[in-house]
1. What is the one condition in (1) surrounded by 16 or more Cβ atoms within 10 Å (Cβ to Cβ); (2) outside any loop (DSSP other than H, G, I, E, B); (3) touching a helix residue (DSSP H, G or I) at 6+ places or on another chain (Cβ under 9 Å) that residue 125 does not satisfy?
2. Tell me which residues, restricted to the stretch 73-107, are farther than 18 Å from residue 120 by Cα and without any contact (Cβ under 8 Å) to a residue 40 or more places away in the chain.
3. Can you tell me which condition residue 235 does not meet? The list is (1) touching a residue at least 40 places away in the same chain (Cβ under 8 Å); (2) more than 16 Å from residue 220 (Cβ to Cβ); (3) touching a strand residue (DSSP E or B) at 6+ places or on another chain (Cβ under 9 Å), and all the others hold.
4. When residue 89 is evaluated against the numbered criteria (1) surrounded by fewer than 19 Cβ atoms within 10 Å (Cβ to Cβ); (2) more than 21 Å from the chain's Cα centre (by Cα), which criterion, by number, is the only one it fails?
5. If you check residue 269 against the conditions, is it buried (at least 18 other Cβ atoms within 10 Å of the Cβ) and over 23 Å from residue 120 (Cβ atoms)?
6. Please indicate, with yes or no, whether at least one residue in the stretch 239-254 is part of a loop (DSSP other than H, G, I, E, B), at pLDDT 95 or above and surrounded by fewer than 21 Cβ atoms within 10 Å (Cβ to Cβ).
7. Would you confirm whether any residue within the stretch 38-49 is part of a loop (DSSP other than H, G, I, E, B), closer than 22 Å to residue 153 by Cβ and touching a residue at least 40 places away in the same chain (Cβ under 8 Å)?
8. Test each condition in (1) out of contact with any strand residue (DSSP E or B) (no Cβ under 9 Å at 6 or more places or on another chain); (2) assigned to a loop (DSSP other than H, G, I, E, B) for residue 283 and report the one that comes out false.
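The values are calculated or read from the model by the stated rules, or taken from the named source; none is laboratory data. The shown structure was predicted, so the numbers you read here are calculated from the model rather than taken from an experiment. Reconstructed Cβ throughout: ideal geometry from the backbone, glycine too, with neighbour counts over all protein chains shown.
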C-alpha cells in the first residue's frame, strides 16, 4: 500500500489514518511562525502520463472556494464539470498545502487521489503530484516541476482516455471499498475481526474531525489480540469512559487495526448502541 499525502491535515500523529493505492507521498510539516510544507515522493513522476496512471479521479473542475483547515493545510472546493473516471461527486474537496496558483472561478484539469475515511463527512481528494498544474482559465497554464509544458488540454484529456482504456497502476488493497456505511450495528459487528472493550483518556485534538487518544484495552469480545494503545477517534469522547471499538484486519499488514465502520467504530458502553452490540454478542450485564 502506498501512503497518501500525510496531508498537513494533522491527521497523522504516529500513524496514517487513511491511505491511497496510487501514490507514495508524504508531507513534512513544521508548526510555528516559520511554518512550511514539504512534499516527498517515493515514486518518480517524469511525465504527465506517470501522474495519470496513478490517479484515482481525473476531473475538469472550477474552484469555488478555499478554506484554511488547520493553519498549514487548505481545503479547495471545486465544482466538477467533467468526470473522466466516473467516480467524483459534483462538488469535491481537495486538501493540500497553500497553492497560490489556484484561483477562485479558475478552471483546471485535476489528477487526484480519492480516499474515504470514517472521520470526514466527504471523500478526501489530494493532488497525486503537487508539482503539476493544468490551468484552463482565465488563462491556460501547464506546469510541471516549475517548468512550463508544451502540451494542451486536448492532449492531456487524450492521455487520460488512453489510461482509462488500458493500463492504470494499482498498488495495494482498495481501502475505500472496506468502509461500511451500515445503519445496523449487528451487520458491522459481523464484519468486524476484532471487537474490544476499552477505556479512553488523554485526548489530543488533531483537527475538527478527529482526536488522538490513549487506549487501555480491557477485554477482547470478538477475535484475537488487543486494540492498539493509541487510536484516532471522534473528538470529545469522555475521558476515562468505556467504549467498544470494532476493527477489521488491515489487508496489507495483517493486523486488526483498520477502522471500517462509519457509524459504529467507537460506541459508548452505556449507550443504546452499546446495549445493541452487547445483545448481538450475547453479553449479559
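1. The number of the failed condition is (3).
2. 79, 80, 81, 82, 83, 86, 99, 100, 102
3. (1)
4. (2)
5. Considered against the rule, which asks whether it is buried (at least 18 other Cβ atoms within 10 Å of the Cβ) and over 23 Å from residue 120 (Cβ atoms), residue 269 comes out as yes.
6. yes
7. Yes, the conditions are met somewhere in the stretch 38-49.
8. Every listed condition holds for residue 283 apart from (1).
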